[in-house]
Amino acid sequence: MQRTHDAASAVVRTEDLSTYQQTVDNSFVPLKITPEPDGPFAASLRGVGAGDVAFTEVHSMPQVVERTRENISRGGSGFYKVSLLLAGSGMLIQDGREVIMNPGDISFYDTSQPYSLVFGEQFRNLIMMFPKDRLEFPEQFTASLTAVSLGDEHPLAQVVADFISKSSPHLHLLPAAARHKLAHTSIELFTSVLSAVFDSETIAQDPHQAMRQRIYDYIRTNLASHDLSPGSIAAANYISTRHLHALFQETGTSVSAWIKERRLERCRADLLDPALAHRGVAAIAANWGFTDAAHFSRNFRAAYGDSPTALRQRG
C-alpha cells in the first residue's frame, strides 16, 4: 500500500483487498466489497473533506459494492451520496430500481437503504457524500429519485456534474473556508436539480420543513459554539423553545440528539483529515463542543463502533 497526504486530502493506493475494504469503510460508510473472481486487484482512493461534505474519487479494477442490512446496522445511515462516473461503466441498484451509469452520468442514492454498485470493468467514480438534512426536501420525495439517471430527468444535472468534476480535484489545495464554500455550492446546485425535477413550484413545501431547514442551517453555522443550546437556537429563529422541540419531535429525534450527531460527524471528519493529524483527539472533541473526553469517547464508539483513537490509527 502507498499512502500520501496533502492538505485536507488523503490518497491510498493498494493491491490488498483488506486494506481497500478498510479504507472504503473509513471514507464512506460500512460496505461489502467483492472483487472480480480470480482477477488482479488494484485500487486507489483520494478523499477530501469540506465540513460535513466529503468528496472521494475511486479508481479501481472491477468489483461489486454492496450496502447490506448488516452494514446498515453498523452505522452511517444518515447520508446521501451523489455519484459521478468519470470512466468505465456500472450499474446502481436501489429501491427496486436499477440504472446503467456511463461517463458523465450523475446518480443519487441513500445510505439508509440497501444498494448495490456493479462495475464489470475498470472504472473511475467520484462520490459526494453529505448528511441527509442538507437537503430541504422530505424523504418521500428524494426516495423517488434513488437509482435513476438525473441527467435523463433534467438537463440541469449536467451543470452539477461539470461543477463537481472540475472543482473537487482542487479542493485539497484550498483553505478550509474556501473548501466549505465550494462544498456548499455543490449542495445548492444539487438542490436546484432536485427542485427542477420535483417542479417544486407545484409541490407546496411543509412550512415546518422550511423552518427546520433554517434551524438546521443555523445549528451547522454555530456548531462549534459552546453557547449553542435549545434556548439560543429558538431565540435566534424567533420561536419558543417548546415549538423548537416540537419541530424536532416530528422527525423522530430531539434538538440535543441532532446537535450531538452533527458534532460527532465533524469530529470523525477531523480525525480522518491528514491536515489535522497534529491535533490531539481531546482538542478536536473540544473544538466541537465535547468538553468531557470520556463522554466524547463513549458517544463516538456508540455511533461508529470504534474509539476515536482506533479510527485515527486505521485511517
Fill in the blank from the handout: Filter region 109-138 for residues that are touching a strand residue (DSSP E or B) at 6+ places or on another chain (Cβ under 8 Å) and closer than 19 Å to Arg214 by Cα; the one that is modelled with the highest pLDDT is Phe130
Fill in the blank from the handout: Checked against (1) surrounded by 15 or more Cβ atoms within 10 Å (Cβ to Cβ); (2) at negative phi; (3) not basic (Lys, Arg), Ala147 satisfies every condition except (2)
Problem - Tyr80 being part of a helix (DSSP H, G or I), modelled with pLDDT of 90 or more and outside the structural domain of Ala224 (by TED's automatic domain parsing) - result: no
Handout entry: Residues that are among the polar types (S, T, N, Q) and in contact (Cβ under 8 Å) with a residue 40 or more places away in the chain, drawn from region 57-87
Key = Ser60, Gln63, Thr68, Asn71, Ser77, Ser83
Practice task
Just name the residue that is modelled with the lowest pLDDT out of those in region 190-200 that are more than 16 Å from the chain's Cα centre (by Cα) and over 27 Å from Gln249 (Cα atoms).
Solution key: Asp199
Exercise for the section: Output yes when any residue across region 112-121 is surrounded by 19 or more Cβ atoms within 10 Å (Cβ to Cβ), closer than 30 Å to Pro175 by Cα and among the aromatic types (Phe, Trp, Tyr), and no when none is. Expected result: no
Exercise for the section: Would you please list the contacts, defined by Cβ atoms under 7 Å and residues six or more apart or on different chains, that run from a residue in region 224-236 that is within 21 Å of Glu265 (Cβ to Cβ) to a residue that is modelled with pLDDT under 95 and among the aromatic types (Phe, Trp, Tyr)? Expected result: Ala224/Trp288; Ile233/Tyr218
Practice task
For region 140-163, enumerate the residues that are touching a strand residue (DSSP E or B) at 6+ places or on another chain (Cβ under 8 Å), modelled with pLDDT under 85 and within 28 Å of Ile215 (Cα to Cα).
Solution key: Thr142, Ala143, Leu145, Ala157, Val160
Fill in the blank from the handout: Restricting attention to region 272-311, the residues that are of a type in the set (S, T, N, Q) and within 14 Å of Arg262 (Cα to Cα) number exactly 2
Exercise for the section: Could you tell me whether Ser167 is touching a Ser or Thr at 6+ places or on another chain (Cβ under 8 Å), polar (S, T, N, Q) and either modelled with pLDDT of 85 or more or surrounded by fewer than 21 Cβ atoms within 10 Å (Cβ to Cβ) (or both)? Expected result: yes
Practice task
List the helices (runs of 4 or more DSSP H) that sit entirely inside region 213-288 and contain at least 1 residues that are at pLDDT below 90 and more than 23 Å from Pro138 (Cα to Cα).
Solution key: 255-271
Completion exercise
Note on Leu173: of the conditions (1) modelled with pLDDT under 85; (2) surrounded by 15 or more Cβ atoms within 10 Å (Cβ to Cβ), unmet is (2)
Problem - Selection within region 27-68 - among the acidic types (Asp, Glu), part of a loop (DSSP other than H, G, I, E, B) and in contact with a Gly (Cβ under 9 Å, 6 or more places away or on another chain) - result: Glu36
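The values are calculated or read from the model by the stated rules, or taken from the named source; none is laboratory data. Keep in mind that this is a model prediction, so the values were computed, not measured. Cβ: placed from backbone, ideal geometry, glycine included. Neighbour counts: every protein chain shown.
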